[in-house]
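The values are calculated or read from the model by the stated rules, or taken from the named source; none is laboratory data. The shown structure was predicted, so the numbers you read here are calculated from the model rather than taken from an experiment. Please note: Cβ atoms are built from the backbone with ideal geometry, for glycine as well, and neighbour counts cover all protein chains shown. Side chains included, ligands, DNA and RNA excluded: accessible areas come from the protein's heavy atoms. Shrake-Rupley method; radii C 1.70, N 1.55, O 1.52, S 1.80 Å.
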Amino acid sequence: MAKTNKNILGDQSGKIGKVVGRVVNGVQIFSAYNDHNSNPRTPKQLAARARFKAAMRLARALNGIINIGLHNSASGVPLTSPTNIFSRRNNRLMQYDAASGIATPDYEHLILSEGRTPYVEFSNASFEESQAVKVSINSPLTPEFGAYDDDVVYVAAYCPDRDECSIGTAKRTDTTVTDTVPPNWVGKTVYVWGFVMTSVEEILLVEGTGVKLHPGECSPTSYIATGTIA
């Protein structure tokens, strides 16, 4: 880079061959032109950007449920949030279409929660009741395995057309979870997942399993169903 207070050609600004000129506080500055593209658009980079964009958009819509399901994964990790965890876990599940330049989620394999809390069985998702998703649940496990009656079962429904998420809750001992959705979801397609959050209030070693349960720890995500809201 070169500087000069006097220039026989007058003040120069812009690119001249391999040199870039600019004037700063009355001083003419010349520097070598950097032909490195700061916004590269190779197919691989375009795909990566599209996947990241899709993951972050979905994370914003699912913020309420991933703040529950991924809270423990982000806890204690500097500069990390449930949104960051969601993006990392699910980036590869954003399916990129080179023709349109758009990435769409693989909804059936999304990770909204993780942990070692014992699962429940989700079945018989029903969309027949107006503005509701009803899911049958069954817990085959007992306290000996770390499954407790007050554990909270979450069911989350996501409507892509509205880019919104709705959440329903129940206890492990219940037989159904009902998620009441907004009126403007009627006639729209939704994707539904579920998981369980432990009710333990302090770190607990589950004897016989060697598993330590932490407060707020969840089970892995279960994909339940796709349906249309009545």
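Residues of the range 118-138 being open to solvent by 30 Å² or more (accessible area, probe 1.4 Å) and either among the aliphatic types (A, V, I, L, M) or farther than 14 Å from SER222 by Cα (or both), which ones?
Correct list: ALA125, SER126, PHE127, GLU128, GLU129, SER130, GLN131, LYS134.
Which members of the range 151-171 meet the condition of being touching a Lys or Arg at 6+ places or on another chain (Cβ under 6 Å) and part of a loop (DSSP other than H, G, I, E, B)?
Hits for the range 151-171 are ASP151, ASP161.
So that you can scan it fast, the table gives a plain yes or no per residue for (1) in contact with a Leu (Cβ under 8 Å, 6 or more places away or on another chain); (2) closer than 25 Å to ALA61 by Cα; (3) surrounded by 21 or more Cβ atoms within 10 Å (Cβ to Cβ); (4) at pLDDT 95 or above:
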position	(1), (2), (3), (4)
PRO140	no, no, no, no
VAL153	no, yes, yes, yes
TYR158	yes, yes, yes, yes
VAL192	no, yes, yes, yes
GLU207	no, no, no, no
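Across the range 160-178, which residue is most open to solvent (accessible area, probe 1.4 Å) among those that are touching a Phe, Trp or Tyr at 6+ places or on another chain (Cβ under 9 Å) and among the acidic types (Asp, Glu)?
Only one residue fits best here, namely ASP161.
Could you check the range 78-114 and list, in sequence order, the residues that are under 24 Å from VAL135 (Cβ atoms) and either charged (D, E, K, R) or open to solvent by 30 Å² or more (accessible area, probe 1.4 Å) (or both)?
Hits for the range 78-114 are ARG89, ASP106, TYR107, GLU108, HIS109, ILE111, GLU114.
Do you know which residues across the range 209-230 are β-branched (Val, Ile, Thr) and at pLDDT below 95?
Result: THR209, VAL211.
Can you find even one residue in the range 116-138 that is assigned to a loop (DSSP other than H, G, I, E, B), closer than 29 Å to ALA74 by Cα and in contact with a Cys (Cβ under 7 Å, 6 or more places away or on another chain)?
yes
Scan the range 190-230 for residues that are assigned to a loop (DSSP other than H, G, I, E, B), farther than 24 Å from THR175 by Cα and in contact with a Lys or Arg (Cβ under 8 Å, 6 or more places away or on another chain) and report the count.
Residues flagged as assigned to a loop (DSSP other than H, G, I, E, B), farther than 24 Å from THR175 by Cα and in contact with a Lys or Arg (Cβ under 8 Å, 6 or more places away or on another chain) within the range 190-230 amount to 1.
Name the single residue that is surrounded by the most Cβ atoms within 10 Å (Cβ to Cβ) among those in the range 209-230 being over 22 Å from ASN124 (Cβ atoms) and hydrophobic (A, V, I, L, M, F, W, C).
CYS218
Has the range 80-89 got at least one residue that is under 22 Å from GLY227 (Cα atoms) and among the polar types (S, T, N, Q)?
Looking through the range 80-89, none of the residues is under 22 Å from GLY227 (Cα atoms) and among the polar types (S, T, N, Q).
Every residue, every condition in (1) touching a helix residue (DSSP H, G or I) at 6+ places or on another chain (Cβ under 8 Å); (2) without any contact (Cβ under 8 Å) to a residue 40 or more places away in the chain, yes or no:
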site: ASP163; (1), (2): yes, no
site: ALA170; (1), (2): no, yes
site: PRO183; (1), (2): no, no
site: GLY187; (1), (2): no, no
site: GLY194; (1), (2): no, no
site: GLU201; (1), (2): no, yes
site: LEU204; (1), (2): no, no
site: THR226; (1), (2): yes, no
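Take the residues of the range 37-77 that are of a type in the set (Lys, Arg), outside any loop (DSSP other than H, G, I, E, B) and farther than 23 Å from CYS159 by Cβ: which is least open to solvent (accessible area, probe 1.4 Å)?
ARG49
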